[in-house]
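Notes follow once the structure below has been shown.
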Amino acid sequence: MTNLEQSPDRGGITGHLLSAADLDAAAATQVLDTAAELAALSDRSVKKLPTLRGRTVVNLFYEDSTRTRISFEAAAKRLSADVINFSVKGSSVSKGESLKDTALTLQAMGADAVVIRHAASGAPHRLARWVDGSVVNAGDGTHEHPTQALLDAYTMRSRLGRLSGLTVAIVGDVLHSRVARSNALLLNTLGADVTLVGPPTLLPVGVDSWPVKTSYDLDAVLPTVDVVMALRVQRERMEDSFFPSAREYARRYGLDAARLRKLPEHAIVMHPGPMNRGMEIAPDVADSPRSTIVEQVANGVSVRMAVLYLLLGGQV
Amino acid sequence: MTTYLIKGASIVGAEPTDLLIRDGVVAAVGRDAAAPGAEVIDADGLIALPGLVDLHTHLREPGREDAETVMSGSRAAALGGYTAVCAMANTDPVADTAGVVEQVWRLGQAAGLVDVRPVGAVTVGLAGERLAELGAMATSAAAVRIFSDDGHCVSDPRLMRRALEYVKAFDGVIAQHAEEPRLTVGAQLHEGELSGRLGLAGWPAVAEEAIIARDALLAGHVGSRLHICHVSTAGSVEIIRGAKRAGIRITAEVTPHHLLLTDARAESYDPVFKVNPPLRTDTDVAALRAGLAEGVIDAVATDHAPHAVEDKECEWQYARPGMLGLETALSIVMSTKSLSWDGIAERMSRVPARIAGLDGHGRDPAPGVPANLTLVDPAATWVVEPAELASLSRNTPYAGMELPGRVMATFLAGRPTVLDGKATK
């Protein structure tokens, strides 16, 4: 347990990471600074640190997400933690063991941290009631994905030098996006101005009470932004009449070369992956020098190292 | 049959007096009421209410006897001050035939703690496709008068129209679970700021209001009685107010939890707060309280919905919706301070008894009236301990809360079902 955990009033990263809202500006900045230090270390020929030797990190994945699981696995291993990957096929209660029983099993095995990806919003919050170890939310339903927001913030800060005062447009299926929720919260905490852009059907009811602006008009927003982040849009949403067709979506909200030209020169293009090339982002935009998509992946490992390090290992 | 002399009870808040209970009826009321050999019950400081009547109870038997049985639910009801409960039809098998409703009715008789009045399903298997044999259920021993697919909306307007018309032949009433299913696909929580923030699919108020408006118009068109289950939104109160003004024969109920709790409880993702219709907002709670006091909403009904631990100790979206209510209803209504004793008697006993067609219930204790009554200590408070409730399930949203009012005794047809705050069996 860290010193910080024993005095939660001091701020900092404590106990669990369930929501980006768990982090105040100081704690979030501490994660980003720690990630930067750890990134520098990983440029060495021997990438491993002994910090979490003897600690056990469980990756509990109820959804297939090879990218996120590998990222957490690499992060934990570089800190010398023992990693157990626990994939549960099928996410319904009718199949297999309940989340509570799995939690009690992990508890009995002495998991120091449980990284959980789950199709149900709030599953990490439930898990946190049943295990003593730290719970890290690696994406829960359509709720949050706080380490994605941290790696996005890290990427923006390393590309643009700051977060405070940045203007960030997040474009697409905000309604179903855990990435958008966590980014809106974290970027607001860190002083950036966020505009959520999408068709009205894909902006949540009550979004006017979020600490963000909203717009239905991507072209109007682009000339003023420092960052534009495209969200993954699932083609199934068409079946539910959220929008008429992939083509119309791409025409109105896709990042293509013409829209790239509307951005200020310094602005960057982000995407949490996996991409639907040709739908929310055109291939030439995804592969352009302004795109940070590959960096985001690399930064993900550093940020997740920082989170595990601070939750389990102690202060820098 | 033992004769009881209840001394010093205040009947619905009036000056304290004595009640003699003999041969199943209130034999005498007044300070001179006496009978040799009567067992005396000291009711000093207690309020005597007509036995409470619940229009909306899930007893889970047959099918989910691990969550509740007619016996355990009856005990919970008696402890809550109830002398009659209407048992909803969504059992397994569904109460959509004379056989099943008679079985439930007989189980209630055997338990002997509360009058169990089965509700019949409107459609076969609650599937919303064709009418169940409503007439057979009406003429069965269970004498069903309320029909409901509760848990499901009778969403097909033509089928709803037919059901409303058909039950006129035996003075039945359709109790609608008002939820337009196409607007609530996957819905988890009241659609509002919180559902958006928590990433839970929203259950919009309009899905309830649209059905109430449609069904009020249908009931008016065919001249039938309509009852609306668990009204949960301010907009619904307005629609019902308008329908009543227009002379439509519509009645409505509200649950204790919708009178007290809001969607803010979902913040913890603890599914004990998951219920259908969902907890709403402060504005809705205020409108429901006002509508109840005014009589736009006719009755408080518990929607007592026991669930096994494993159906609640899980992820929010996999949990079953529903909350326990029988043992806490009166205390919750008291805690809202929206109703006088007369208002409580009206909304929790007299009016629901009329809606359900229960002649022996919902009558203030007076000479010659069937002795269905309850004695409440208004000064007592109690802390809700889930494990101490009589229900087989534990899913009360009030765990740990200190509530006002304690049921000290309940009489069903002259026999005590609760004495000294304990069930007699």
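The values are calculated or read from the model by the stated rules, or taken from the named source; none is laboratory data. Please read these numbers as outputs of a predicted model, since none were measured by experiment. Cβ: placed from backbone, ideal geometry, glycine included. Neighbour counts: every protein chain shown. We work out accessible area using only protein heavy atoms, side chains counted, and drop any ligands, DNA or RNA first. Shrake-Rupley method; radii C 1.70, N 1.55, O 1.52, S 1.80 Å.
Using Cβ point charges alone (K and R +1, D and E -1), the dipole size of region B:51-356 about the Cα centre works out to roughly 960 debye.
Here region A:146-296 is treated with +1 on each Lys and Arg Cβ and -1 on each Asp and Glu Cβ, and its dipole about the Cα centre works out to around 160 debye. B:Trp105 sits among other residues whose Cβ lies under 11 Å from its own Cβ, and their net charge, with Lys and Arg +1 and Asp and Glu -1, is 0. Is the protein assembly as shown best put as rounded, prolate or oblate by its Cα gyration tensor, with a ≥ b ≥ c the root eigenvalues, rounded for a/c under 1.5, and otherwise prolate when a/b is larger than b/c, oblate when not? Prolate shape, in that a/c is at least 1.5 and a/b is the bigger ratio. Inverting the pair-averaged 1/r between distinct Cα atoms of region B:105-218 gives 15.6 Å as its Kirkwood hydrodynamic radius. Per-peptide packing, taken as the mean over residues of other Cβ atoms within 10 Å, places B:9-19, A:13-23, B:297-307, A:252-262 in the sequence B:297-307, A:13-23, B:9-19, A:252-262 from highest down.
Shown here is the pair-distance distribution of chain A: with all Cα-Cα distances grouped in 20 Å bins from zero up to the longest one, the shares run 34, 57, 9 percent. Quick one: which of A:Lys213/A:Lys262; B:Lys244/B:Lys337; A:Lys100/B:Lys422; A:Lys100/B:Lys425 span more than 30 angstrom between C-alpha atoms? A:Lys100/B:Lys422; A:Lys100/B:Lys425, as the Cα separations exceed 30 Å there. Near A:Leu52, once Lys and Arg are set to +1 and Asp and Glu to -1 for all other residues with Cβ below 10 Å from its Cβ, the sum equals +2. Take each residue of peptide A:113-125, count the partner chain Cβ atoms within 10 Å of its Cβ, and average: the result is 4. Restricting region A:93-123 to trypsin sites (Lys or Arg not before Pro) that sit in a DSSP loop and have at most 16 other Cβ atoms within 10 Å of their own Cβ leaves A:Lys95. Bridge orientation summary for the protein assembly as shown: considering DSSP beta bridges with both residues in this region, about 30 percent are antiparallel. Dipole check for the protein assembly as shown: with +1 at the C-beta of Lys and Arg, -1 at the C-beta of Asp and Glu, and the Cα centre as origin, the magnitude is about 1380 Debye. Interface residues of region A:194-214, defined as those with an accessible-area decrease of at least 50 Å² between the chain by itself and the complete set of protein chains (probe 1.4 Å), are A:Val205.
Toward the positive end of the charge dipole of region A:125-211, about the Cα centre and with charges on Cβ (Lys, Arg +1; Asp, Glu -1), which of A:Val179, A:Leu127, A:Leu190 goes farthest? Going by the Cα projections, it comes out as A:Leu190. Each pair of Cα atoms in chain B enters the Kirkwood radius, and Stokes-Einstein at 37 °C and 0.692 mPa s then converts it into a translational diffusion coefficient of 154 µm²/s.
Bridgeable lysines around A:Lys47 (alpha carbons under 23 Å apart, same-chain partners fewer than 8 residues away excluded): A:Lys77.
Each chain gives up part of its surface: A and B jointly bury about 1600 Å² of accessible area, both sides summed, for a 1.4 Å probe. Protein heavy-atom surface of region B:5-102, 1.4 angstrom probe: 50% of the accessible area is carbon and sulfur, with nucleic acids and ligands not counted. Note on A:Lys48: aspartates and glutamates with a C-alpha under 16 Å away, same-chain residues under 8 apart excluded, are A:Glu37, A:Glu73, A:Asp82. For region A:7-83, the list of trypsin sites (Lys or Arg not before Pro) that fall in a loop by DSSP and count at most 10 other C-beta atoms within 10 angstrom reads A:Arg44.
Per residue of chain A, what 222 nm ellipticity follows from adding -39500 (n - 2.57) for every DSSP H run with n ≥ 4, rounded to the nearest 500? Theoretical 222 nm ellipticity from helices: -11000 deg cm²/dmol. Solvent-accessible surface of region B:70-158, taken per residue with a 1.4 Å probe and all protein chains present: 33 Å². Of the GluC sites (Glu not before Pro) found in region B:68-146, the ones in coil according to DSSP and having at most 11 other Cβ atoms within 10 Å of their Cβ are B:Glu129. Take each residue of peptide A:170-182, count the partner chain Cβ atoms within 10 Å of its Cβ, and average: the result is 1.
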